[in-house]
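For reference, the structure is listed below as structure tokens.
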Amino acid sequence: MSSEAVEKAKEHFGAVLEQQLARVDRMKAAEDWLDFEALRPIIIGIIGGDGIGPYIAAQAQRVLEFMLEDEQKSGKVEFRVIEGLTIENRAKHNKPIPGDVLAEIKKCHVLLKGPTTTPRRGDPWPNVESANVAMRKELDLFANVRPVKVPKEGIDWMFFRENTEGAYALGSNGVDVTEDLAVDFTVTTTQGSDRIIRAAFEYAKKNGVNKVTLVTKANVVKTTDGKFLKIGQEIAREYPEIEVDDWYIDIMTAKLVDQKRRTQFKVMALPNLYGDILTDEAAEFQGGVGTAGSANIGKRYAMFEAIHGSAPRMVRENRAQYADPSSMIRAAAMLLSHIGFPDRAKMLEMALDICGQHERKLAITGRSDGATGQELADYIMETLQDKKLEAKWKSYQ
Ligand code: IPM
Ligand code: MG
């Protein structure tokens with residue numbers, strides 16, 4: 001019995017290796033980055049997702065359309081709402097992204113996506129792979145870029161989380177070898193590490209940041225994390241003007257709480273799972289995951305989203321209209337910057353800071369005693385029209 005189980009597991013492992021080697025070949029043949037300046041129209045897909053997703057996505061879309069009014073009129077950008085990435089539809093097709101939905105997604109260039117429910121064992125849904133994880137893999141969105149800023153405390157972090165490998169690459173492809181033995185896989189490739197670490201160094205170089213921090217657990221997870229770290233150190237040699245340091249994820253998690261130490265971190269590059277965990281912790285200093293946006297960037301496609309979940313309880317309690325759209329609007333700002341409007345992205349970020357952190361004429365509580373998402377979006381658009389926006393923002397810094 002057990003040798004049969006072992007043979008079956010070996011077969012599974014063999015198939016997994018073939019798949020991953022094919023992925024390496026695809027990365028080697030990688031295409032060039034999209035040139036948004038030459039592109040017309042730039043197609044922006046809006047995906048509502050589950051729970052509060054459609055509510056906050058609609059508000060982010062309003063703000064985005066407001067900022068791209070001229071481009072929409074002239075045909076430079078086009079908006080498309082993509083239906084069907086709901087847990088009900090995914091359960092019906094027993095797929096993380098139903099085929100027809102994926103086909104629509106692939107017709108866009110960039111996506112603004114609301115949170116989607118991630119099934120797990122025991123849920124009323126089939127235990128399909130997370131739609132997020134599937135989309136990152138399907139569209140090869142290898143860089144998960146997550147900024148966290150708390151100016152008052154000197155925090156200005158940019159996380160470059162690897163988004164297609166590590167523990168996530170085969171997160172839904174582990175094996176129950178026997179009733180007692182479960183094995184998952186973690187995957188690190190040369191190409192996959194190179195492209196995310198290089199993105200971090202390039203970002204640092206472009207933005208005049210003089211330090212990149214590599215975060216791993218290479219002392220224990222020697223093969224995969226060891227590879228990530230080694231590649232990071234090699235790439236660092238190509239950027240002599242940028243200092244590189246490396247931390248283990250456990251102590252790094254502690255140091256983010258250390259007020260003296262944490263302001264020294266600037267740009268961080270890290271494998272998938274560590275990046276998942278550390279960015280939630282980091283966002284907490286800024287006001288929680290509800291305030292953070294997240295960019296998932298590949299060469300051909302890019303997807304922008306909130307880093308929080310779909311809050312189904314808010315919908316069940318009829319409170320969805322009071323959900324905070326700030327993180328989705330922050331994601332929209334990152335989208336603007338990605339498609340070639342960095343100045344407008346900056347304005348939107350300033351308006352978000354003014355409305356959410358400083359002036360706070362309206363406050364979101366998630367309940368009827370607070371503002372609705374629509375009211376907050378209105379407030380942000382009003383603030384955007386203020387000619388003295390930048391001066392006002394500066395006065396708060
Ligand atoms: C994130 C989320 C996702 C992840 C979940 C929803 C699958 O936590 O974007 O950080 O683990 O990557
Ligand atoms: Mg996460």
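The values are calculated or read from the model by the stated rules, or taken from the named source; none is laboratory data. If you're wondering where the values come from, they're calculated on a predicted model, not measured in any experiment. Because the Cβ atoms are built from the backbone with ideal geometry, glycine has one as well, and the counts that use them run over all protein chains shown. SASA here: full protein model, heavy atoms, side chains in, ligands and nucleic acids out. Shrake-Rupley method; radii C 1.70, N 1.55, O 1.52, S 1.80 Å.
Using DSSP to call loops (not H, G, I, E or B), can you name the GluC sites (Glu not before Pro) in the stretch 307-395 whose Cβ has at most 16 other Cβ atoms within 10 angstrom? Passing both the DSSP loop test and the Cβ count: 317, 359. Between residue 397 and residue 260, the simple label model (points 7 Å from Cα in the Cβ direction) yields a spacing of 2.8 nm.
Taking the 1.4 Å solvent-accessible surface of the stretch 312-380 as the whole, the part contributed by carbon and sulfur is 43%.
Can you figure out the FRET efficiency of residue 121 with residue 150, using R₀ = 25 Å and their beta-carbon distance, to the nearest 0.05? Kindly include the intermediate steps, with their values, before the conclusion.
Numbers: r = 37 Å, r/R0 = 1.48.
Between residue 121 and residue 150 the formula returns 0.10.
The separation of the stretch 73-147 from the stretch 280-297, counted between C-alpha centres, amounts to 20 Å.
Computed across the stretch 152-214, the Kirkwood radius stands at 14.3 Å (inverse of mean 1/r, all Cα pairs).
Among rounded, prolate and oblate, which fits the stretch 288-367 when a ≥ b ≥ c are the square roots of the eigenvalues of its C-alpha gyration tensor, a/c under 1.5 means rounded, and a/b larger than b/c means prolate? Can you show the working numbers first?
Values: a/c = 3.10, a/b = 1.36, b/c = 2.28.
It comes out oblate by the Cα gyration axes.
Based only on Cα atoms, what Rg/Rh ratio does the stretch 145-292 have, Rh being taken as Kirkwood's radius?
We get a ratio of 1.00 for the stretch 145-292.
For the chain, modelled as a GNM whose springs connect Cα atoms under 10 angstrom apart, the maximal fluctuation among 187, 145, 16 occurs at 16. Modelled this way, with points 7 Å down the Cα-to-C-beta line, the labels at residue 378 and residue 2 are 6.9 nm from one another. Loop-located trypsin sites (Lys or Arg not before Pro) in the stretch 206-240 (DSSP state not H, G, I, E or B) with no more than 15 neighbouring Cβ atoms inside 10 Å: 222, 237.
Which value, in debye to the nearest 20, gives the size of the charge dipole of the stretch 145-292 about its Cα centre, when Lys and Arg are +1 and Asp and Glu are -1 at the Cβ? Walk me through the numbers on the way to the answer.
Working: 19 positive and 23 negative charges, 159 e Å.
The calculation lands at about 760 debye.
Here the Karplus relation 6.51 cos²θ - 1.76 cosθ + 1.60, evaluated at θ = phi - 60°, turns the backbone of the stretch 157-166 into coupling constants of 10, 10, 9, 10, 8, 5, 10, 10, 10, x Hz, with x for every Gly and Pro. Close Lys pairs in the stretch 66-188 (alpha-carbon distance under 29 Å; sequence gap of 8 or more, or different chains): 20. Each label point was placed 7 Å from the Cα along the Cα-to-Cβ direction; for residue 313 and residue 367 their separation is 1.2 nm.
Evaluated at q = 0.20, 0.23, 0.24 Å⁻¹, a Debye calculation over the C-alpha positions of the stretch 70-124 (equal weights, vacuum) places log10 I(q)/I(0) at -0.79, -0.95, -1.00. Pairwise Cα distances in the stretch 95-206 exceed 24 Å in 42 percent of cases. Considering only 284, 104, 18, the mean-square fluctuation computed in a Gaussian network model of the chain, springs between alpha carbons under 10 angstrom, is largest for 18.
So if I average 1/r over every pair of distinct C-alpha atoms in the chain and take the inverse, what Kirkwood radius in Å does that give? List each step's numbers first, then the result.
Details: mean 1/r = 0.0452 Å⁻¹.
One decimal place: 22.1 Å for the Kirkwood radius.
Rolling a 1.4 angstrom probe over the protein heavy atoms with all chains in place gives the chain an accessible area of 48 Å² per residue. Largest GNM mean-square fluctuation across 183, 148, 215, computed for the chain with C-alpha springs under 10 Å, falls on 183. When only DSSP loop residues count, what GluC sites (Glu not before Pro) in the stretch 191-241 have their Cβ near at most 15 other Cβ atoms within 10 Å? For GluC sites (Glu not before Pro) across the stretch 191-241 that sit outside H, G, I, E and B with at most 15 neighbouring Cβ atoms in 10 Å, the list reads 238, 241.
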